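**Q** Okay, handing you the structure first.
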Amino acid sequence: MTCKDRILSNDYADVIIDYVLPEEEQRRLQFDYCFSAIDEEFGTAHINRQEIPPLSVGMYGYAAIPKLYGLMQTFQAESLVETGNLQIQGPPLSLKGTGVIIGFIDTGIRYQLDVFRNETGGSRILSIWDQTIHSGEPPEGFLYGTEYTREDIDRALQSQNPLDVVPTTDINGHGTAMASTAAGSVLNQGLTFRGAAPEAEIAVVKLKGAKKYLREYYLIPEEAEAYQENDIMQAVRYLEGMAIVFRRPVVIVLGIGTNMGDHAGNSPLGAYLNKIAAKRSRAVVVCGGNEGDKEHHCSGVMPEEIELRVEENTKGFCMEIWGNRIDTYSVSLRTPGGETVSGIDFRGGIDNNYTFLFDRTRIYTGIALIEKRSGNELVFFRFQDPTPGIWTVTINPAARENIRGSGRFHIWLPIEAFVDGGVRFLEPDPNVTLTEPSNAQGVITVSAYNGVTGSWFSESGRGFTSDDTVKPDFAAPGVQVASVLGNRTGSSMAAALTAGCVAQFMEWAIVEGYAPFGESRTIKSNLIRGAVRESNVTYPDERWGYGKLNISRTFEVLART
């Protein structure tokens, strides 16, 4: 069996590791596995599941089990004006993203649409790596999927049946909508459709769906789109490498997110994005998610009693409790029928399973007294077949001699799309609801508002991070934003608009040579300086960050300095 076969097979577990084994050590290992590197630090071991224990936080470590990410979209030209984008597409700056690549990691792209062609009818798409098709050649240095070059795409466009030549497409439409908003330009149904960076070139990674065993582990509904952390990291590696291959600046945009994680950017994906964002000629834009009004986060200070409502027909869900590194705590659970599990003390660091005498629910707890990447304490819960009604979670501090911590904790439920049925906290906290990996410090993080009314989009994730780092960086329009597939709503559309503005800035800074060493941090600082701030808001703000994105104003500020 090849490594490609292991990567694709549900019979092999994917384990993220933050070190790369030398080849001689890999050869000495006696079990059935292969290793795929991401960079000099991160890689994925693909291991025969029959030869290793079942998934367990205590056994493997929390960060080693790939988290699953979902799409951040809730199913106008005014948005381009609101962000100042349209103003600088014309003279004197005339910035349209020329010479810049915008890379999308999403559901693919409908490459046949005129919106992605140039004036001669050729494609503006440099390449598509479809992780779901395995009949062709993968990109050089990668082990799975099929890469289609611009030459392949142009040949397909000239044929009567393009999909017979290049069979990749976007069934969902999420990736196509984002790409058109960020970089589209076409005369469509008598109206001129224009994206934020209409002359930028495009690169796409169509993510493969998550393996069945991981979906079962995270109790994700069958119909939900879900993507693995390690596949996303490989996609980032592919896109950022284009800065070298094509000698052009690259903007990587992510319209996906998860509620799993410490919400301080310490996941493997968050750490990897920070590294990429620090490189010259690269920028990373991440949406803040749509979890602000979902009632899936609560916080408090121990001791505390938390109530959550589980709706009928909820088959299962996960829940994470994160404390501070100094604090330790115990947890008690009470079912809607009154049965209890009292004083679960996690200081022994042992994973446990719990069943009830009069209740069908099964609960699994995974323990990380010191979670490897964050240093904080984590308890991971899986509720299988939960009884509908009000569940009570009581959190008490565990006594520690001569140490006094803050007692602060956070609890997150999964993103809305990952819960079959419904689960809500009765007293939720709408802040600290930015989805991962948008909490990573080095990336450009965008929340969403209504560009027509100027009002806040209630679903948009809110900051700050769990360690009080300022996020989001700013807000951009995300309600009824024009795409080639019609108006779309969600923080992913705010990220797409922002990616187009970033491409405009990179054209000026790097392509035209005014600031040739630009990267995410420099670009982010310039965009923050140009953000529009209201007199009745104190900045930085949990919703607006440092204000509303306005790329035109950024150049006005630069002109004065």
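The values are calculated or read from the model by the stated rules, or taken from the named source; none is laboratory data. Just so we're clear, the structure is a prediction, and the values are computed from it rather than from any experiment. Glycine gets a Cβ as well: all are built from the backbone with ideal geometry, and neighbour counts include every protein chain shown. Side chains are part of the model used for accessible areas, which takes the heavy atoms of the whole protein and leaves out ligands, DNA and RNA. Shrake-Rupley method; radii C 1.70, N 1.55, O 1.52, S 1.80 Å.
**Q** Are there any helices (runs of 4 or more DSSP H) wholly within region 476-561 with 3 or more residues that are open to solvent by 10 Å² or more (accessible area, probe 1.4 Å) and under 18 Å from Ser438 (Cβ atoms), and if so which?
**A** 520-530
**Q** Is one or more of the residues making up region 54-73 modelled with pLDDT of 85 or more, among the β-branched types (Val, Ile, Thr) and buried (at least 18 other Cβ atoms within 10 Å of the Cβ)?
**A** yes
**Q** Out of curiosity, is Asn353 open to solvent by 40 Å² or more (accessible area, probe 1.4 Å) and under 13 Å from Val57 (Cβ atoms)?
**A** Working: open to solvent by 40 Å² or more (accessible area, probe 1.4 Å): yes; under 13 Å from Val57 (Cβ atoms): yes.
For Asn353, the condition - open to solvent by 40 Å² or more (accessible area, probe 1.4 Å) and under 13 Å from Val57 (Cβ atoms) - is met.
**Q** From Arg280, Arg334, which residue is of a type outside the set (A, V, I, L, M, F, W, C), in contact with a Phe, Trp or Tyr (Cβ under 6 Å, 6 or more places away or on another chain) and surrounded by fewer than 19 Cβ atoms within 10 Å (Cβ to Cβ)?
**A** Just one listed residue meets the conditions, Arg280.
**Q** Does Val165 meet the test of being in contact with an Asp or Glu (Cβ under 8 Å, 6 or more places away or on another chain), more than 30 Å from Ala417 (Cα to Cα), hydrophobic (A, V, I, L, M, F, W, C) and open to solvent by 50 Å² or more (accessible area, probe 1.4 Å)?
**A** yes
**Q** Which pairs turn up if I take residues in region 313-334 that are under 22 Å from Gly407 (Cα atoms) and charged (D, E, K, R) and look for partners that are open to solvent by less than 20 Å² (accessible area, probe 1.4 Å) and at pLDDT 95 or above with beta carbon separation below 6 Å, at least 6 apart in sequence or on another chain?
**A** Listed by first residue and then by second, the contacts come to Glu320/Trp412; Arg334/Thr392.
**Q** Just to be sure I understand, how many residues within region 395-432 are polar (S, T, N, Q) and modelled with pLDDT of 95 or more?
**A** 1
**Q** Right, another one. If I ask for residues that are under 13 Å from Val443 (Cα atoms), modelled with pLDDT of 95 or more and not in a strand (DSSP E or B), which ones from region 279-291 would you list?
**A** Gly288
**Q** Still on this model: Kindly provide the set of residues from region 300-328 that are surrounded by fewer than 16 Cβ atoms within 10 Å (Cβ to Cβ) and either modelled with pLDDT under 90 or not in a strand (DSSP E or B) (or both), ordered by number.
**A** Matches in region 300-328: Pro303, Glu311, Glu312, Asn313, Lys315, Arg325, Ile326.
**Q** For region 81-174, list the strands (runs of 3 or more DSSP E) that sit wholly inside it and hold at least 1 residues that are touching a His at 6+ places or on another chain (Cβ under 7 Å) and among the β-branched types (Val, Ile, Thr); which are they?
**A** Values: elements: 101-106, 125-130, 146-149.
Those strands (runs of 3 or more DSSP E) span 146-149.
**Q** Can I ask one more? Kindly indicate whether any position in region 433-443 is out of contact with any Lys or Arg (no Cβ under 7 Å at 6 or more places or on another chain), among the small types (Gly, Ala, Ser), buried (at least 24 other Cβ atoms within 10 Å of the Cβ) and under 14 Å from Gly289 (Cα atoms).
**A** Yes, region 433-443 contains a residue that is out of contact with any Lys or Arg (no Cβ under 7 Å at 6 or more places or on another chain), among the small types (Gly, Ala, Ser), buried (at least 24 other Cβ atoms within 10 Å of the Cβ) and under 14 Å from Gly289 (Cα atoms).
**Q** Additional query: Could you please find all residues in region 127-146 being open to solvent by less than 10 Å² (accessible area, probe 1.4 Å) and of a type outside the set (Ser, Thr, Tyr)?
**A** The answer is Ile128, Trp129, Asp130, Gln131, Pro139, Gly145.
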